[in-house]
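Novice: Attaching a single structure in structure tokens format; questions to follow.
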Amino acid sequence: WGFRIKIAFDIAQAMLYLQTYDPPIIHRDLRSPNIFLASFDTSRSFDRSFAHAKLADFGLARPVYSNFIGGLLPTFQWLAPEVIDSDGLVYDQTSDVYSFGIVLWEIASRAVPFYSDYWLDFQKNGEFQKHLCILAILKKSLRPIIPDSTPASFASLIRACWAHRPSDRPNFHAIT
């Protein structure tokens, strides 16, 4: 868990750096495929010299002018409800906090968001019906299932980050 927390902390620090700009920068594509690790040596958990998680792919990053930004993105598993809601399409930097919560869940579970927990619920003819999953995220606040083996404080942070209402999510100052 020390190694996992180190990864989470590095990601949170990168996001804090982006969101302390004036105006704040929203990454908009915070997800595990855009996070790179310099090492997998888990025996030296908090030795800063052994590994760093690096945030990448800033192609969708945008500064926040007037406290909102819009535009639908295709990676639904990591997107906050306000981002995938076609009625709204207006969001701010709290959407990155939601995505961070999903990444934390991935760190805890080492699984694919939604597919691993809800394959049987949302599959038809052997294919995952993502539109049904998206509806459940929007209308029923569906979230991945946090593994029982997750430390309570880490699970609590995950839940806080993926709160349905953006105003209920912590900022990256509080997270770090």
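Novice: Can you tell me how many residues within segment 89-119 are in contact with a Cys (Cβ under 6 Å, 6 or more places away or on another chain) and assigned to a loop (DSSP other than H, G, I, E, B)?
Specialist: Number satisfying all stated conditions: 1.
Novice: In segment 104-119, what count of residues is obtained for those that are modelled with pLDDT of 95 or more and either aromatic (Phe, Trp, Tyr) or in contact with a Leu (Cβ under 8 Å, 6 or more places away or on another chain) (or both)?
Specialist: 2
Novice: Return yes when ALA61 is within 22 Å of PRO170 (Cα to Cα), surrounded by 12 or more Cβ atoms within 10 Å (Cβ to Cβ) and at pLDDT below 80 and no when it is not.
Specialist: Taking the combined requirement at face value, the residue satisfies it.
Novice: Go through segment 72-81 and report how many residues are assigned to a helix (DSSP H, G or I) and either at pLDDT below 85 or among the polar types (S, T, N, Q) (or both).
Specialist: Narrowing segment 72-81 to residues assigned to a helix (DSSP H, G or I): 76-78, 81.
Going one step further and asking which of them are either at pLDDT below 85 or among the polar types (S, T, N, Q) (or both), we end up with 76-78.
Here the count works out to 3.
Novice: Can I ask one more? Within the bounds of segment 98-111, is there any residue that is surrounded by fewer than 16 Cβ atoms within 10 Å (Cβ to Cβ), out of contact with any His (no Cβ under 6 Å at 6 or more places or on another chain) and either farther than 30 Å from TYR21 by Cβ or hydrophobic (A, V, I, L, M, F, W, C) (or both)?
Specialist: Within segment 98-111, one or more residues are surrounded by fewer than 16 Cβ atoms within 10 Å (Cβ to Cβ), out of contact with any His (no Cβ under 6 Å at 6 or more places or on another chain) and either farther than 30 Å from TYR21 by Cβ or hydrophobic (A, V, I, L, M, F, W, C) (or both).
Novice: To continue, here is another question. Which of (1) closer than 21 Å to HIS27 by Cα; (2) touching a residue at least 24 places away in the same chain (Cβ under 8 Å); (3) assigned to a helix (DSSP H, G or I) does PRO170 not meet, given it meets every other one?
Specialist: For PRO170, the failing item is (3).
Novice: Across segment 120-132, which residue is farthest from LEU79 (Cα to Cα) among those that are assigned to a loop (DSSP other than H, G, I, E, B) and either touching a Cys at 6+ places or on another chain (Cβ under 6 Å) or open to solvent by less than 90 Å² (accessible area, probe 1.4 Å) (or both)?
Specialist: Ranking the candidates gives GLY126 first.
Novice: Out of the residues in segment 133-162 meeting the condition of being among the charged types (D, E, K, R) and assigned to a loop (DSSP other than H, G, I, E, B), tell me which one is surrounded by the most Cβ atoms within 10 Å (Cβ to Cβ).
Specialist: Among them, the one singled out is ARG143.
The values are calculated or read from the model by the stated rules, or taken from the named source; none is laboratory data. Since this is a predicted model, take the numbers as computed values, not measurements. No Cβ is skipped: glycine too gets one built from the backbone with ideal geometry, and neighbour counts run over all protein chains shown. To get the accessible areas, we keep the full protein, side chains included, count just its heavy atoms, and leave off ligands, DNA and RNA. Shrake-Rupley method; radii C 1.70, N 1.55, O 1.52, S 1.80 Å.
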